[in-house]
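Presented below is the structure to which this report refers.
The values are calculated or read from the model by the stated rules, or taken from the named source; none is laboratory data. Since the structure is predicted, the reported quantities are computational estimates derived from the model, not experimental observations. FYI the Cβ positions are ideal-geometry reconstructions off the backbone, even for glycines, and counts take in every protein chain you see.
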């Protein structure tokens, strides 16, 4: 009987490396397949942005004959793409700064202080993540119109901050709860106030969490289209997604121009990620370990 059990265990052990190796193979196949598809599409759009229509139809997947930036120059100067890019930058940067400022302060209070209603406040922010955003479009439209900031960048900043604040608080509360309390206690013993502890201790060691929350808010605000399409009607206040949509409809047959507009909308996100990638990866890794 023992010999049979030993033989069965040996057979299982012999099969484990095969199944483990097969699982690892499919995992890497999925990851690299996703990478090549996304990178290939990006590279194809980038190459298309340097071509005119005749070259696109004659050689859709080939390299451009010359790297001509006329499509980008036309998009930035003749189609107000430069204005749309500036509007998106102002709205997105302001939204990120406001979300991080309010989110970090609220998260510190919820993560470190025990007071009546602490859990209720946190639950309300979590509920904010579950509300369908489409149900808020018309109430926000009328409210923005009542206070006179509907067709303005200030209105978009207000709406985007309200929509992304629950996400920011949810991420930062979990991150700050995992921070060691010994440094705070030492700072308080040395005479620091709670605000000093927050600015001198909590914020510096929370950079990975802040970077992760900031990039998520940045991507959400930069790419947001639905609320902007409802709240913005004048051309001077359009953001890049709105401008790109109107640009595509007006230049429907100019595929090189459309591709240049798409690249202009992608480049800022890539730049932000390259600058903060170390903090983002560290924040995600720390969150995974603490979670």
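Could you run through the stretch 181-194 and say how many residues are in a loop (DSSP other than H, G, I, E, B) and over 30 Å from the mean Cα position of the chain (by Cα)?
Let us first name the residues in the stretch 181-194 that are in a loop (DSSP other than H, G, I, E, B), namely 181, 190-193.
Those still in the list that are over 30 Å from the mean Cα position of the chain (by Cα) too: 190-193.
Total satisfying the criteria: 4.
Testing residue 221 on (1) within 27 Å of residue 103 (Cα to Cα); (2) part of a helix (DSSP H, G or I); (3) modelled with pLDDT under 85, one condition comes back false. Which one is that?
Failed condition: (3).
The conditions are (1) closer than 30 Å to residue 56 by Cα; (2) exposed (fewer than 13 other Cβ atoms within 10 Å of the Cβ); (3) at pLDDT below 80, and residue 246 fails exactly one of them. Which is it?
(2)
When you scan the stretch 258-279, do you find a residue that is over 26 Å from residue 132 (Cα atoms), surrounded by 15 or more Cβ atoms within 10 Å (Cβ to Cβ) and modelled with pLDDT under 80, even just one?
Within the stretch 258-279, one or more residues are over 26 Å from residue 132 (Cα atoms), surrounded by 15 or more Cβ atoms within 10 Å (Cβ to Cβ) and modelled with pLDDT under 80.
Examine the stretch 64-79 for a residue that is within 30 Å of residue 175 (Cβ to Cβ), out of contact with any strand residue (DSSP E or B) (no Cβ under 8 Å at 6 or more places or on another chain) and surrounded by 12 or more Cβ atoms within 10 Å (Cβ to Cβ), and state whether such a residue exists.
From the stretch 64-79, those within 30 Å of residue 175 (Cβ to Cβ) are none; that's our starting set.
No - not one qualifying residue is present in the stretch 64-79.
Which residues, counting only those in the stretch 36-54, are buried (at least 18 other Cβ atoms within 10 Å of the Cβ) and in a helix (DSSP H, G or I)?
Passing the criteria: 47, 48.
Pairs please, first residue from the stretch 126-141 and assigned by TED's automatic domain parsing to the domain that holds residue 162 and touching a residue at least 12 places away in the same chain (Cβ under 8 Å), second anywhere and surrounded by 13 or more Cβ atoms within 10 Å (Cβ to Cβ) and not in a helix (DSSP H, G or I), Cβ atoms under 8 Å, 6+ apart in sequence or on different chains.
141/150
For residue 153, state whether it is within 21 Å of the chain's Cα centre (by Cα), surrounded by fewer than 16 Cβ atoms within 10 Å (Cβ to Cβ) and under 17 Å from residue 232 (Cβ atoms). Please lay out each step first, then the result.
Numbers: within 21 Å of the chain's Cα centre (by Cα): yes; surrounded by fewer than 16 Cβ atoms within 10 Å (Cβ to Cβ): no; under 17 Å from residue 232 (Cβ atoms): yes.
No, not satisfied.
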